[in-house]
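Every read-out reported here was derived from the displayed coordinates using simple, explicitly stated rules and does not represent laboratory data. Nothing here was measured: the structure is a model prediction, and the numbers come from that model. Note that each Cβ is placed from the backbone with ideal geometry, even for glycine, and that neighbours are counted across all protein chains shown.
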Amino acid sequence: MSLILQISDTHFGTERPAVVQALARLAEQLQPRLVVLSGDITQRARPEQFRAASDFMKGLRLPLLVVPGNHDIPLFNLWARLTQPYAGHRAAFGQELEPVFRSSDLMVLGVNTTRAHRHQNGEVSAQQVARVARRLARATPAQLRVVVVHQPIDVQRPQDVPDRLIGHAAAQAAWASAGADLVMGGHIHLPYVMPLPGLARPMWAVQAGTAVSHRVRPGVPNSVNVVRWNASQGTCAVEQWDHVATEDAFEQVRVTRLQPAR
Ligand SMILES: [Fe+2]
Ligand SMILES: [Fe+2]
């Protein structure tokens, strides 16, 4: 059994300290094989916000896979945005913007879907789609195959359609054919697990809410996802853990059981 803890949209600079501490306790308790941070790490890409994020993530003392979100590119400093948009991200989390994690039963592929010239809207290029597909094709049957983007690969509500990743249809078709099981994302601060229709193989969007920021939607508390993959049985469970203020803790509130194709 391998666990992945998905954290998203931490927006350091707007974090709730008690929720940050509760999340650290959850990670300590779960001891996941990998912690994924799917972008919007900071609120405004400021050095002190990246420092707080880096201190928190590295303090977990667990393997990390981190991709940037639109908030991790400078917004107001146009010169910095256009000449070195990822300087802050790289100083905190390393040069690689599309990290890869492989173990005997996991293949997790990060994709940088941010674009400095668009700022908010995310995009996946034909080259990125093809590169991820080539890597997916080398996965073993035992490996759960997870692609990590920032903006959602698909949405459920009409009002979220403008936030959907540009290039989503081509990416869904290619990545499903190449063997992907899950596409993790964030950005809209709304957690859900959604089967993606009309593809060659079953594939699911796994969307995370905001883990620790006060930038929550009404009625949608801070949350994270926990993915449990049992390679020998070929079963996968995606758990949503919400922060429950009265308990000062994250609690499991929903479990979606999936059967990836093999
Ligand atoms: Fe966000
Ligand atoms: Fe975002």
Next item on the list: Could you tell me which trypsin sites (Lys or Arg not before Pro) in the range 80-131 are loop residues by DSSP with no more than 12 other beta carbons within 10 angstrom of their beta carbon?
Entry: R118
Margin query: Can you list residues from other chains, or at least 5 along the same chain, whose modelled amide H is less than 5 Å from the amide H of T113?
Written below: H150
Next item on the list: May I ask you to list the chymotrypsin sites (Phe, Trp or Tyr not before Pro) in the range 1-96 that are in a DSSP loop and have at most 12 other Cβ atoms within 10 Å of their Cβ?
Entry: F76
Notebook entry, point to check: Which percent, nearest 5, of DSSP beta bridges in the range 2-258 are antiparallel?
Noted result: 60 percent
Margin query: Sort 146-159, 197-210 by the packing proxy (mean of other Cβ within 10 Å over each peptide's residues), most packed first.
Written below: 146-159, 197-210
Check: Given labels modelled 7 Å from the Cα in the Cβ direction, how far is it in nm from R102 to Q233?
Finding: 2.8 nm
Item checked: Relative contact order computed over the range 2-258 (Cα-Cα under 8 Å; 6+ residues apart), in percent -> 20 percent
Item checked: Dipole of the range 2-258, positive direction: furthest Cα of Q156, L196, N222, with charges on the beta-carbon -> L196
Item checked: Spatial separation of Cα centroids for the range 74-94 and the range 168-211, in angstrom -> 28 Å
Margin query: Run lengths n ≥ 4 of DSSP H only: what is the helix-derived mean residue ellipticity at 222 nm for the chain, with -39500 (n - 2.57) per run over all residues, to the nearest 500?
Written below: -7000 deg cm²/dmol
